[in-house]
Amino acid sequence: MADQQRIHPVVVPPTRPPQGPFPSVKEDPSGRSAPVVKRTNCWCKCFCWIITTFILLLITVVAALAILYVVFQPKFPKYSVDNLRITDLTLNFDLTLYARFDVSITANNPNKKIGIYYEKGSRLSVWYKDTNLCQGSIPRFYQGHQNTTVLDVGLTGQNQYGTTLLQALQEQQQTGRIPLDLKIDVPVRLKLGKLKLMKVRILGSCKLIVDSLSTNKFISIKASSCNFGLKP
């Protein structure tokens, strides 16, 4: 009898998904393929958290400043030049011009709840056009609430172009209207209640028109215009 032929089943290997730019899949225990769930982008959450925190911080700062403004009602101090006197205006042997001005300045603090500390490092100077004639500083002091203080400041200087400068001043004096500019740079600290704030600078100038540069007498100030502001 001829041997019976045996037929063996052909085993076909399971097909795999193609590799490449397509999303990868994982096989579960049952043998079926399932897509991988991507994780949420943490950068998006972090960015949203930063923006939210910044907005809340900004709202807090604005609210605090609004409360301080309502409570303290800050007002900018007022300054004026009351008197100007030239005690010396001499042409030296080396042709430099020596000048000494005595200036009387009134500082008014109109605030009811804010004091002002005038710190070291102030600078006051008198200019004729673009030429610095003399300079000086005010002493350190504290100005209380609704206080008016008169400051007498001596300013001195020496200019190397003495002959030219003196001639220009004498020619201008004949018109009876001499333009001078008093520039002010003063570091201050504001005191709100018991809180002493960071140092800021009061910057400004007073445009003056005087009638004379005669020495050893008070000079008539025909016009005065002052502008000031704060700088960190």
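The values are calculated or read from the model by the stated rules, or taken from the named source; none is laboratory data. Quick caveat: nothing in here was measured; it's all calculated off a predicted structure. Virtual Cβ from ideal backbone geometry, glycine too; neighbours counted across all protein chains shown. Only protein heavy atoms, including side chains, enter the accessible area calculation; ligands, DNA and RNA are left aside. Shrake-Rupley method; radii C 1.70, N 1.55, O 1.52, S 1.80 Å.
Just one of the numbered conditions (1) closer than 30 Å to residue 166 by Cβ; (2) touching a Ser or Thr at 6+ places or on another chain (Cβ under 7 Å) is not true of residue 101: (2).
Look at residue 156 and say whether it is of a type in the set (Val, Ile, Thr), out of contact with any strand residue (DSSP E or B) (no Cβ under 9 Å at 6 or more places or on another chain) and within 30 Å of residue 93 (Cβ to Cβ). Working first, answer last.
Working: of a type in the set (Val, Ile, Thr): yes; out of contact with any strand residue (DSSP E or B) (no Cβ under 9 Å at 6 or more places or on another chain): no; within 30 Å of residue 93 (Cβ to Cβ): yes.
Against the criterion (of a type in the set (Val, Ile, Thr), out of contact with any strand residue (DSSP E or B) (no Cβ under 9 Å at 6 or more places or on another chain) and within 30 Å of residue 93 (Cβ to Cβ)), residue 156 does not qualify.
Quick check: is even one residue across segment 210-224 without any contact (Cβ under 8 Å) to a residue 12 or more places away in the chain and under 30 Å from residue 95 (Cα atoms)? Within segment 210-224, one or more residues are without any contact (Cβ under 8 Å) to a residue 12 or more places away in the chain and under 30 Å from residue 95 (Cα atoms).
With the condition kept exactly as written, say whether any residue in segment 114-129 is aliphatic (A, V, I, L, M), touching a residue at least 40 places away in the same chain (Cβ under 8 Å), farther than 17 Å from residue 197 by Cβ and surrounded by 12 or more Cβ atoms within 10 Å (Cβ to Cβ). Checking segment 114-129: at least one residue is aliphatic (A, V, I, L, M), touching a residue at least 40 places away in the same chain (Cβ under 8 Å), farther than 17 Å from residue 197 by Cβ and surrounded by 12 or more Cβ atoms within 10 Å (Cβ to Cβ).
Identify all residues within segment 126-152 that are farther than 21 Å from residue 76 by Cβ and in contact with a Phe, Trp or Tyr (Cβ under 9 Å, 6 or more places away or on another chain); write none if there are none.
Quick first cut of segment 126-152, residues farther than 21 Å from residue 76 by Cβ only: 126-137, 139, 152.
Listed by number, the residues that qualify are 126, 131, 133, 134, 136, 139.
Return yes when residue 129 is on the phi > 0 side of the Ramachandran plot and among the charged types (D, E, K, R) and no when it is not.
On the way: on the phi > 0 side of the Ramachandran plot: yes; among the charged types (D, E, K, R): yes.
The answer is yes for residue 129.
Restricted to segment 106-210, the set of strands (runs of 3 or more DSSP E) holding at least 3 residues that are among the charged types (D, E, K, R) comprises 178-192, 195-210. Selection of segment 180-202 for residues being touching an Asp or Glu at 6+ places or on another chain (Cβ under 9 Å) and loosely packed, with under 15 Cβ neighbours inside 10 Å yields only 199. Among the conditions (1) among the β-branched types (Val, Ile, Thr); (2) modelled with pLDDT of 95 or more; (3) open to solvent by 40 Å² or more (accessible area, probe 1.4 Å), residue 163 misses just one, which is (2).
Given the condition under 20 Å from residue 229 (Cα atoms) and among the hydroxyl-bearing types (Ser, Thr, Tyr), answer yes or no: does some residue in segment 155-167 qualify? Within segment 155-167 (the criterion being under 20 Å from residue 229 (Cα atoms) and among the hydroxyl-bearing types (Ser, Thr, Tyr)), the answer is no, since none of the residues qualifies.
Would you call residue 139 in contact (Cβ under 8 Å) with a residue 24 or more places away in the chain, closer than 21 Å to residue 187 by Cβ and under 24 Å from the mean Cα position of the chain (by Cα)? No: the conditions fail for residue 139.
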